[in-house]
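This report concerns only the one structure given below.
The values are calculated or read from the model by the stated rules, or taken from the named source; none is laboratory data. Values in this document were obtained by computation on a predicted structure and should not be read as measured data. All Cβ positions, even for glycine, are placed from backbone atoms using ideal geometry, and neighbour counts span all protein chains on display.
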Amino acid sequence: MRIETLAIHAARKPDPATGAISGTLHLASTFERAADGSYPHGHFYGRASNPGRQELEQAIATLEGGAQGVAFSSGTAATLAVFGLLRAGDHVIAPAECYHGTIKQLHELIAPRGVEVTLAETWTPAAVAAAWRSNTRLLWIETPSNPRLHLTDIAAAAEFAHTRKALLACDSTFAPPVIQRPLALGADFVMHSTTKYFGGHSDVTGGIVVAAQTGDALDGLRHQQLQGGAVPSPFDCWLLRRSMMTLPLRVEAQCDNAERVAAFLAAHPVVERVYYPGLASHPGHDVARRQMRRFGAMMSVQVHGGEAAALAVAARVKVFTRATSLGGVESLIEHRASMEGPGTKTPQNLLRLSIGIENADDLLEDLAQALG
Ligand SMILES: *Cc1c(COP(=O)(O)O)cnc(C)c1O
């Protein structure tokens with residue numbers, strides 16, 4: 001089956017007990033034990049497993065072509081579980097520029113555990129080679145990355161890590177499986193903030209890691225899900241399964257709109273620079289063409305006139321909404337540096353755009369009036 005069909009039929013099956021088409025939603029935190037002490041339906045406690053959560057994990061694993069998914073209560077909790085596979089004395093390499101929460105987590109939660117952390121330009125093979133140590137166990141990449149859409153060659157990164165007996169994890173939040181499938185390119189784990197494209201409607205917070213194979217690493221993730229306890233609620237799992245049925249449709253429409261918005265911005269005199277992998281001028285364009293089916297719907301622009309000009313543009317939008325986050329049906333714009341806070345490397349004149357599924361003409365007219 002193709003991904004559009006899989007998204008529908010993997011996400012939701014009629015509830016076996018009732019035939020309900022809207023699928024399984026059991027809020028139970030505990031499950032009945034048989035007289036002989038066994039658990040005839042395989043579930044014993046809500047934190048350990050839930051029927052709807054299992055369906056979600058299997059559905060996303062199917063779309064990603066992986067062995068199993070492990071769902072968490074946020075993308076951040078999913079990331080923490082992957083870093084939690086590391087022990088004191090291990091070394092991890094992660095992007096010098098990526099989702100700011102990942103960098104904070106490495107500095108504030110992982111390094112204090114005795115894990116050695118190096119931030120490097122992971123989108124540049126030479127930088128990864130220079131950062132590599134004999135105790136490097138994990139290479140974490142994010143592609144395309146926040147906020148300047150750096151493109152990392154996933155297949156090359158996987159080969160580099162594997163020949164050195166390390167694991168490759170890819171945060172693919174900006175590129176859901178409709179357009180990019182890191183496991184097929186050799187990654188060991190693909191991570192998503194399901195808050196974004198999988199949720200798609202800005203109304204659920206979640207995360208998932210899909211492992212390419214069963215084995216110790218996957219067991220380690222399951223252990224952290226159970227003993228770390230950052231599990232998604234049954235209703236959040238149900239919402240995500242409902243939303244992912246339209247993931248392929250939404251993302252196609254978002255990519256169509258994004259290509260038009262990027263072309264418009266690239267030609268606008270107030271715009272200094274556009275970061276969008278679909279533009280031939282983007283440094284990662286060739287890598288994007290090789291490993292992405294489409295170029296996604298995230299982009300950033302730097303505008304002439306510095307921070308004040310960027311804030312003024314954001315202040316004038318009427319169709320776009322000023323908010324952080326991404327991947328929803330509504331288009332968002334944000335002044336990224338002030339969201340990331342002190343110490344950010346994001347330029348002060350940068351605006352990040354998440355393109356939704358409105359009519360593209362309305363988006364272009366709104367940006368035209370906002371840019372002035
Ligand atoms: C949002 C995001 C995260 C964190 O996910 P939460 O669901 O907010 O915890 C991680 N990586 C990327 C690329 C993101 O956009």
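Quick check on the stretch 279-301. Is at least one of its residues part of a loop (DSSP other than H, G, I, E, B) and touching a Gly at 6+ places or on another chain (Cβ under 7 Å)? Reasoning before the result, please.
From the stretch 279-301, those part of a loop (DSSP other than H, G, I, E, B) are 279-284, 292-297; that's our starting set.
Okay, now just the ones that are also touching a Gly at 6+ places or on another chain (Cβ under 7 Å), so 295.
The answer is yes; a qualifying residue exists.
With respect to residue 133, determine if the residue is away from the ligand (no atom under 12 Å from the Cβ), over 30 Å from residue 249 (Cβ atoms) and surrounded by fewer than 24 Cβ atoms within 10 Å (Cβ to Cβ).
yes
Can you tell me which residues in the stretch 174-195 are under 16 Å from residue 293 (Cβ atoms) and either touching a helix residue (DSSP H, G or I) at 6+ places or on another chain (Cβ under 8 Å) or away from the ligand (no atom under 13 Å from the Cβ) (or both)?
Just the residues of the stretch 174-195 that are under 16 Å from residue 293 (Cβ atoms), to begin with: 174-185, 190.
Within the stretch 174-195, 176, 177, 178, 179, 180, 181, 182, 183, 184, 185, 190 qualify.
Name every residue in the stretch 284-338 that is among the aromatic types (Phe, Trp, Tyr) and either touching a Pro at 6+ places or on another chain (Cβ under 9 Å) or surrounded by fewer than 18 Cβ atoms within 10 Å (Cβ to Cβ) (or both), in order of residue number.
Passing the criteria: only 295.
Looking at residue 230 and the list (1) part of a loop (DSSP other than H, G, I, E, B); (2) over 19 Å from the mean Cα position of the chain (by Cα); (3) more than 30 Å from residue 5 (Cα to Cα), which single condition is not satisfied?
Residue 230 satisfies all of (1) part of a loop (DSSP other than H, G, I, E, B); (2) over 19 Å from the mean Cα position of the chain (by Cα); (3) more than 30 Å from residue 5 (Cα to Cα) except (2).
Does residue 249 count as closer than 28 Å to residue 2 by Cβ, surrounded by fewer than 19 Cβ atoms within 10 Å (Cβ to Cβ) and not acidic (Asp, Glu)?
In short, yes.
Quick check on the stretch 137-150. Is at least one of its residues within 29 Å of residue 328 (Cα to Cα), more than 16 Å from the ligand (Cβ to nearest atom) and surrounded by fewer than 24 Cβ atoms within 10 Å (Cβ to Cβ)?
No; the residues of the stretch 137-150 include none that is within 29 Å of residue 328 (Cα to Cα), more than 16 Å from the ligand (Cβ to nearest atom) and surrounded by fewer than 24 Cβ atoms within 10 Å (Cβ to Cβ).
Can you tell me which residue in the stretch 319-355 is modelled with the lowest pLDDT, limited to those that are of a type in the set (D, E, K, R) and in contact with a strand residue (DSSP E or B) (Cβ under 9 Å, 6 or more places away or on another chain)?
336
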